[in-house]
Amino acid sequence: MTVPTAGAHPELLEALIRDCGLPPERIVVVETAPGVALSEGVVRIECHGPPRIQHWWTLGINEAESRGATAVAVLNDDITLNQDTLPLLYEALSRTGAAIASPSRPGVRDGVHRRPLIPYEPRLWGSIWMLDLSTGLRPDSRYIWWYGDNDLDLRARRHHGGVVLVPVEYEHVHPSTATFRSPELLAIAERDGQRFESENHWLLRISRLVKRWSKRLHLERGGQHETG
């Protein structure tokens, strides 16, 4: 498991390390600001400087791989889980051949998702996911803060066995809080969004058209039902 952190949620990070079920030497914490308090035995990588979460993910993934890992869970530092969460994600990876395992999404079936990609809706939760290292799939460091998870989701589904959704217990306690409180991070996220739009222009454009047509058809059918 790897977790980037600036130490903003020490009690949650401590609980995550305690509850994940892994021994400390199999937990890689990427310290993104000085002074992060960590449990004894946890692997620490220092990477202070400007925000770049895809780079932090990659540092943790590479360190875990160098220590013999074949799969790595990548988590935010404000996630809570239990000892079954990571084993269930790993079991799904091994059983299905997917490149990434991530928790269930409301309104979306569990299991492997590959194609079709239109209309595009992401399957991967950027706050908690597990990567099969044998696929060769890695984060794209050109994305700095947001949309790197969408990029991984698309590449996993197009070229690397897909994304498998698994019903597991977890909670993301402070989703996007740091981003919306920071004009700098919001600006970075906007640039990341522009890159994602540019690199997937036709997919996203057609997806929006399909969603619009589907909504219109739904409304028309609803109106016909009411008048009938």
*Could you tally the net charge around Asn82, taking each other residue with its Cβ under 9 Å from the Cβ of Asn82, Lys/Arg +1 and Asp/Glu -1?*
-3
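What range in the chain is the longest one free of GluC sites (Glu not before Pro) that are in a loop by DSSP and have at most 13 other Cβ atoms within 10 angstrom?
Numbers: sites that count: Glu40, Glu169.
Formally, the longest exposed-site-free interval is 41-168.
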*If Lys and Arg each add +1 and Asp and Glu each add -1, what is the summed charge of the other residues whose beta carbon sits under 13 Å from the beta carbon of Tyr143?*
-2
*Quick one: what are the phi-derived ³J(HN,Hα) couplings along the stretch 191-207, Karplus 6.51/-1.76/1.60 with θ = phi - 60°, whole Hz, x for glycine and proline?*
5, 4, x, 5, 4, 4, 4, 5, 7, 10, 4, 5, 4, 6, 5, 5, 4
*Could you work out the relative contact order of the stretch 2-227, using alpha carbon pairs under 8 angstrom and six or more residues apart, expressed as a whole percent?*
21
*Gaussian network model of the chain, Cα springs within a sub-10 Å range: biggest mean-square fluctuation belongs to which of Gly162, Gly49, Gly193?*
Gly49
*Please turn the phi angles of the stretch 26-33 into ³J(HN,Hα) values with the Karplus equation 6.51 cos²θ - 1.76 cosθ + 1.60 (θ = phi - 60°), one per residue in order, whole Hz, x for glycine and proline.*
9, 10, 10, 9, 8, 7, 9, 8
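Only loop residues by DSSP count here, and only those with at most 14 other Cβ atoms within 10 Å; note down the trypsin sites (Lys or Arg not before Pro) in the stretch 26-72 that meet that.
Working: sites: Arg26, Arg44, Arg52, Arg67; in loops: Arg52, Arg67.
Filter output for the stretch 26-72: Arg67.
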*So what J values fall out for the stretch 104-114 if you push phi through Karplus, 6.51 cos²θ - 1.76 cosθ + 1.60 with θ = phi - 60°, rounded to Hz, Gly and Pro as x?*
3, 10, x, x, 10, 5, 6, x, 7, 10, 10
*Restricting attention to the alpha-carbon atoms of the chain, what are Rg (one decimal) and Dmax (integer), both in Å?*
18.9, 69
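Tell me the mean residue ellipticity at 222 nm calculated for the chain from its helices only (DSSP H runs of n ≥ 4, each -39500 (n - 2.57), averaged over every residue, nearest 500). All intermediate terms of the calculation are to be shown ahead of the outcome.
On the way: 7 runs with 96 residues, N = 228.
Mean residue ellipticity, 222 nm, calculated: -13500 deg cm²/dmol.
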*Hey, got a sec? Which trypsin sites (Lys or Arg not before Pro) in the stretch 115-197 land in a DSSP loop and have at most 10 other Cβ atoms within 10 Å?*
Arg181
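Just so you know, all these numbers are worked out from the coordinates, no wet-lab data involved. Since the structure is predicted, the reported quantities are computational estimates derived from the model, not experimental observations. All Cβ positions, even for glycine, are placed from backbone atoms using ideal geometry, and neighbour counts span all protein chains on display.
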